[in-house]
1. At the interface with chain A (Cβ under 10 Å from one of its Cβ atoms), aromatic (F, W, Y) and closer than 19 Å to B:H196 by Cβ: which single residue out of B:F138, B:F178 fits that description?
2. Taking the criterion of being at pLDDT 90 or above, of a type in the set (S, T, Y) and farther than 20 Å from A:V141 by Cα, would at least one residue in the range A:22-33 satisfy it?
3. Contact list please: Cβ distance under 8 Å, first residue in the range A:54-66 and outside any helix (DSSP H, G or I), second residue open to solvent by less than 10 Å² (accessible area, probe 1.4 Å), pairs at least six apart or on different chains.
4. Please work out which residue is surrounded by the fewest Cβ atoms within 10 Å (Cβ to Cβ), limiting yourself to the range B:163-175 and to residues that are in contact with a Leu (Cβ under 7 Å, 6 or more places away or on another chain) and within 7 Å of another protein chain (Cβ to nearest Cβ).
5. Within the range A:141-194, can you find the residues that are outside any helix (DSSP H, G or I), facing chain B (nearest Cβ under 8 Å) and over 30 Å from B:A235 (Cβ atoms)?
6. Residues that are touching a helix residue (DSSP H, G or I) at 6+ places or on another chain (Cβ under 7 Å) and open to solvent by less than 40 Å² (accessible area, probe 1.4 Å): find the helices (runs of 4 or more DSSP H) completely inside the range A:92-131 holding 3 or more of those.
7. So if I check each of B:A58, B:A54, B:A33, which one is under 17 Å from B:T245 (Cα atoms), at pLDDT 95 or above and open to solvent by 20 Å² or more (accessible area, probe 1.4 Å)?
8. Looking only at the range B:55-90, which residues are more than 10 Å from every other protein chain (Cβ to nearest Cβ), over 17 Å from B:E272 (Cβ atoms), polar (S, T, N, Q) and free of Cβ contacts under 8 Å to residues at least 24 places away in the same chain?
Amino acid sequence: MQVQCTDMGVGRDPARRSFSGRSSRGRFAACVLFVMVFALAPSAGSDEPGETTEGYLLVQQALGHLAHDTSFEGLDLAMEKVEDALATEEQDGVDVGTLLQAKTALDAGHVETARTELQASITQALSNLPPATGEDTDTTVIEPALDTKGGMSGSDWLFVAISLLALVAGVLLAVRFRPPDSVGELRRRMAAGP
Amino acid sequence: MMSAASAPAAPGAVGSRIRRVVDVIDDRLGIKALEYPVPEHANNLAWSLGGVTAAAFAIVVVTGILLVQFYDPMPETANQSLRDMVTGILGMGFVRALHFWAAQAMYVTATLHLLRVYFTGSYKKPREGNWLIGVAMFGLVILALFTGTVLKWDQEGFEALGHNVELGGLLGGAGMWFSPDFADRIPILIRLYGAHVVIIPGMIVVLMTLHGLLVKRHKISPHPSLPTDASGYQASADEPVEPFTHHLRRIAAFGLVLFGVLGLLAVLWPPEVGPAPVMGLEVTKPPWNFWWMFTLENWIGLPGIMYGSAALFVLLIILPFVDRNPARHWRQRPVAITLALLILLVVAALTVLTAFGTAKTHLGM
């Protein structure tokens, strides 16, 4: 029961999804019982951290490292994941040949080629993913961060103009509507009496 | 007293027409009830920060309504829907950026408002209940920031979700709602989406209404450097008053300034959309609002977030019941002021430590 209520991903192989036959109602009831007995008691966090052995997920992790950090350290981390993916026994849906090509490209420092080949190597695995439940990401394509700080378009200039107009109007109105006396003046007036 | 409606209006006078329109509306909706007197000091910026927070909330709500038209909360497509929205729909990049910056502004102004109330002793009798409502709203603002971060469904958002889930586990049964197993056929992203767009803003609106009504009931708190009435709870009758509508129009002016500043930030520094999330990675730092907790997490593990935030909120909740000193001026409250400065210093130091640190692995540890 404790696992149902508190093992929320801790130590769980994230690639494995629970398709347990127990009904949600049963789990809910179990959780309510758990609350009554162990409410607020620290209970999770004792599990060992788990690393996945699922090949396609290891490849995705490599892609994740490349998407976040293309420095030497990032490439190193990505390479570790690729090597893990090649070494694992759980390679369902992973095209090992393409993965080896990706490794070669990564070794040579050709990040874009490596990224394309890593993505291609798990096409089949990703096509078999069931609909997401719980914490599943169901990520299929890992692209680098979208840089939203491009050049100024016509609409951007329009928004700048509207913002400046609001800013100036707001400042003018705030000054016009300011209270007649500052706190200091109020203090002096009230100290002087009526 | 003769009402403006019954007074003969000069033909063509715009002011008279506006007054007549106001009278017509007042006859039906009673809006003149808002003209109750408030002390003059209420119209300065420090005493208007709650209203400025409400203005930021209004911007967040309007931009949020536009965003939900195009955002897809399904995990498979959430990140891509953001990318499509920002790059493919005219003006939505600006709307998203404005939503982001307005949320940041709401956090900042709510914090400043809370600090103003603290340092001027405005939480003291008879305003303890309204202080608690304010603290609850502050917690909801943090929750809104947190759920909004997750909704981006990039690596940063997914790692935030991982923390959410594991902290739920640390809470035992009390954290059950945060478990993906609570409703195991529904992606937790969709439940957090529901919380972000309905539950949290709905609760904020309810509490904000109560907050406003209690401000009217207890009246604007006295300024600590000005004389009070005999009870010590209200501004002196000698202090000039203005109608509350003047307070509202000044807040509207501050709201325009805020909109202008946020609009410029939205165009010049729009938030990026990170890569779609991958399970088992922990390579990002949380948003700056959570950096102080992140440092605690680096030191003592995941429970550090829980202990740190719980300690802060427990202090905020018990404050009006522990601090029985009736004085409001900071010079007459050495303990409360020293304590607050110490806490601010600690939070600032913890924040700076994460600002100059790197992302670390905590999940599943």
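1. None of the others qualify; the one that does is B:F178.
2. No: zero hits.
3. none
4. For the range B:163-175, the residue satisfying everything is B:A174.
5. Matches in the range A:141-194: A:V141, A:I142, A:E143, A:P144, A:A145, A:L146, A:D147, A:T148, A:K149, A:M152.
6. A:96-107, A:111-121
7. Answer to the selection: B:A54.
8. Matches in the range B:55-90: B:Q69 only.
The values are calculated or read from the model by the stated rules, or taken from the named source; none is laboratory data. Since this is a predicted model, take the numbers as computed values, not measurements. In this analysis, Cβ positions are derived from the backbone assuming ideal geometry, glycine residues included, and neighbour counts consider all displayed protein chains. Ligands, DNA and RNA are excluded from the accessible area calculation, which covers all protein heavy atoms including side chains. Shrake-Rupley method; radii C 1.70, N 1.55, O 1.52, S 1.80 Å.
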